[in-house]
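**Student:** Below is one structure. I have some questions about it.
The values are calculated or read from the model by the stated rules, or taken from the named source; none is laboratory data. Predicted model only: the values in this text are computed from it and were never measured. With ideal geometry, Cβ positions are generated from the backbone for all residues, glycine too; neighbour counts draw on all protein chains shown.
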Amino acid sequence: MLPRRELFPHVIEMNHQARRRMGCCVYLIFDADDWCLIDIGYEDTLPDIIEIIRKLDFPLANCRYLVATHADVDHIQGLKRAKELMPQAKVVGHPNAARLLAEGERIMTYAEISAQGISLDLPSIQFDEQINEGNVLKIGRLNLEVWHTPGHAPAQLAFRLGNLLLSGDNIYRDGAVGNIDAHHGSDIPAFIKSLRRIQRSDVEWLLPSHGPSFRKDPAMIQKTIDRLEQYQHLADFGTCAVDWPLMDQWDEELARG
Ligand SMILES: [Zn+2]
């Protein structure tokens with residue numbers, strides 16, 4: 001048996017539990033006999049994670065859900081193997097993630113970044129259920145409320161548990177956001193909306209998909225929003241911009257001669 005290092009009541013995070021960085025945040029939410037996992041990470045860290053879960057005395061047969069926050073390979077590569085180990089657990093995520101992973105889509109999931117020589121296995125998997133804004137996942141007496149927060153990816157979900165938000169790749173402790181990339185379906189105006197929603201909510205703690213948890217600070221989120229608002233009008237993220245005022249200025253200058 002290992003002592004359970006609860007990050008918050010009913011919440012264990014595997015990197016925090018292991019006191020070493022294994023990959024993306026893998027949250028185990030539990031109440032009474034029920035538990036679920038929010039993301040699972042890469043396949044090669046799965047055996048360690050399963051061993052920790054066993055040593056924490058969570059029977060594998062009691063896992064209710066294997067949740068995908070979105071379809072990126074670093075979050076979900078281990079899903080297929082995890083489902084084999086826990087066949088009763090329902091694999092759930094957004095309809096867009098369900099489609100990408102059923103089709104084994106390699107570009108949108110970052111399994112293939114050919115310009116950087118990145119080519120990773122992407123085991124395709126069928127979701128048992130699709131979840132979206134307004135759905136609730138029940139774990140014991142706990143309600144995990146599903147938020148659809150597109151921006152980084154069309155399928156990005158976040159999960160509210162009381163005053164906590166498992167906030168996915170929306171924002172990290174340093175104010176960085178999940179990367180913005182046209183080939184990934186990123187949408188800057190949608191991203192800003194998702195960040196405003198988080199900023200204005202009464203959630204107090206953010207539990208991101210990468211790095212440590214942190215207290216929500218509306219001023220810090222505002223700095224990030226301001227940055228993304230600038231990106232909308234700059235060439236930095238190419239076709240993700242909504243316009244490029246420099247080109248209008250150039251038109252006027254060219255016309256003036
Ligand atoms: Zn991520």
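**Student:** Mind telling me which of the residues Asp226, Asp202, Asp169 ends up being within 15 Å of the chain's Cα centre (by Cα) and at pLDDT 95 or above?
**Tutor:** Working: Asp226 fails: within 15 Å of the chain's Cα centre (by Cα); Asp202 fails: within 15 Å of the chain's Cα centre (by Cα).
Being within 15 Å of the chain's Cα centre (by Cα) and at pLDDT 95 or above holds for just one of Asp226, Asp202, Asp169, which is Asp169.
**Student:** A further question follows. Mind checking which residues of segment 85-112 are in contact with a strand residue (DSSP E or B) (Cβ under 8 Å, 6 or more places away or on another chain) and free of Cβ contacts under 8 Å to residues at least 12 places away in the same chain?
**Tutor:** Across segment 85-112, the qualifying residue is only Glu112.
**Student:** Looking at segment 158-182 only, could you name the residues that are within 16 Å of the ligand (Cβ to nearest atom) and in contact with a strand residue (DSSP E or B) (Cβ under 6 Å, 6 or more places away or on another chain)?
**Tutor:** Ala158, Phe159, Leu165, Leu166, Ser167, Gly168, Tyr172, Arg173, listed by residue number.
**Student:** In segment 100-116, what count of residues is obtained for those that are among the polar types (S, T, N, Q) and surrounded by fewer than 17 Cβ atoms within 10 Å (Cβ to Cβ)?
**Tutor:** Final tally of qualifying residues: 2.
**Student:** Checking the conditions here, which among Ile40, Ile12, Ile53 is farther than 29 Å from Glu112 by Cα, touching a residue at least 40 places away in the same chain (Cβ under 8 Å) and buried (at least 18 other Cβ atoms within 10 Å of the Cβ)?
**Tutor:** Numbers: Ile40 fails: farther than 29 Å from Glu112 by Cα; Ile53 fails: touching a residue at least 40 places away in the same chain (Cβ under 8 Å).
The unique qualifying residue is Ile12.
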